[in-house]
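**Q** Let me begin by handing over the structure; questions about it come next.
The values are calculated or read from the model by the stated rules, or taken from the named source; none is laboratory data. What you are looking at is a predicted structure, and each value in this text was computed from that prediction instead of being measured. For neighbour counting, all protein chains shown are included, and Cβ atoms are generated from backbone atoms with ideal geometry for every residue, glycine included. Note: areas computed on protein heavy atoms with side chains; ligands, DNA, RNA excluded. Shrake-Rupley method; radii C 1.70, N 1.55, O 1.52, S 1.80 Å.
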Amino acid sequence: LSPSFVAARDAFAAWYDALDSDKRELVDSISERTCYIIDEEEYLSFIDMLDDEFGITTAMDFEDNFEAEFESYGDSQLAEYAENLIADCYDLSSIPSFVTNHIDWEAVWNCELRYDYSEIQFNENTYLFRNN
């Protein structure tokens, strides 16, 4: 391991240990459910954004509302999410592929599903949360 990596790891451990237990639990939940939030400043900024946008301040709030993380942002990620959600909920195998290949998943997201979710962009990635 490089000296800079060890120093960064030790700095993160010291920062983490200085957090109160509620904040540590929230950082743990974010860490378990996301891939692109990696350092102290990002965690703090993301936590502030969660509080400002959704009133999320605890690990339980985060777990209850967080739905997905997408690298970058745009309609293609949300269309793919819509397709996966519908495929998880319904048996699409009984529908011929010549039909399913022409479903406009972006329209499904925009016209039907987006009202149940809120999205935020953070560090050029998209985070999706269920609306309460």
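**Q** Within region 106-122, what residues put their amide N at less than 18 Å from the label point 7 Å along the Cα-to-Cβ vector of GLU41?
**A** 122, by backbone N distance to the label point.
**Q** Let me check I have the definition right: for the chain, take the eigenvalues of the Cα gyration tensor, multiply each by 5, take square roots. What are those semi-axes in whole Å, largest first?
**A** That gives 35, 17, 12 Å for the three semi-axes.
**Q** Work out the charge dipole of the chain with +1 on the Cβ of Lys and Arg and -1 on the Cβ of Asp and Glu about the Cα centre, then indicate which of ASN125, SER2, SER29 is farthest towards its positive end.
**A** Farthest towards the positive pole: SER2.
**Q** Apply the Karplus parameterisation 6.51 cos²θ - 1.76 cosθ + 1.60, with θ equal to phi minus 60°, to every residue of region 41-52 and state each ³J(HN,Hα) to the nearest whole Hz, in sequence, with x for glycine and proline.
**A** 4, 5, 4, 5, 5, 5, 4, 4, 5, 4, 5, 5
**Q** Report the relative contact order of the chain, percent, no decimals, based on alpha-carbon pairs under 8 angstrom and at least 6 residues apart.
**A** After rounding, I find 25 percent.
**Q** Could you give me D for region 57-113, from Stokes-Einstein at 4 °C and 1.567 mPa s, where the hydrodynamic radius is the Kirkwood radius over C-alpha pairs? Units µm² s⁻¹, please.
**A** Approximately 99 µm²/s, per Stokes-Einstein.
**Q** Also, I was wondering about something else. Taking only C-alpha pairs under 8 Å that are 6+ residues apart, what is the relative contact order of region 77-132 in percent?
**A** Taking the mean separation of contacting Cα pairs over the length of region 77-132, I get 31 percent.
**Q** Would you mind telling me the share, in percent, of accessible area of the chain contributed by carbon and sulfur at probe 1.4 angstrom?
**A** The nonpolar share, carbon plus sulfur, comes to 48 percent.
**Q** Taking each pair of different alpha-carbon atoms in region 1-57 once, compute 1/r for the pair, average those values, and report the inverse of that mean as the Kirkwood hydrodynamic radius in Å to one decimal.
**A** Answer for region 1-57: a Kirkwood hydrodynamic radius of 12.1 Å.
**Q** Which one, HIS102, GLY74, ALA14, projects farthest toward the positive side of the charge dipole computed for the chain from Cβ point charges (K/R +1, D/E -1)?
**A** Going by the charge dipole, the pick is HIS102.
**Q** Right, here's the next one. Accessible area per residue of region 25-101 at 1.4 Å probe, in Å²?
**A** In whole numbers, region 25-101 has 60 Å² accessible per residue.
**Q** Normalised radius of gyration for region 84-132, please: alpha carbon Rg relative to 2.2 N^0.38 Å, two decimal places.
**A** So region 84-132 has a normalised radius of gyration of 1.41.
**Q** Do any GluC sites (Glu not before Pro) in region 36-126 lie in a loop, going by DSSP, with at most 10 other beta-carbon atoms within 10 Å of their beta carbon, and if so which?
**A** Hits after loop and neighbour filter: GLU71, GLU124.
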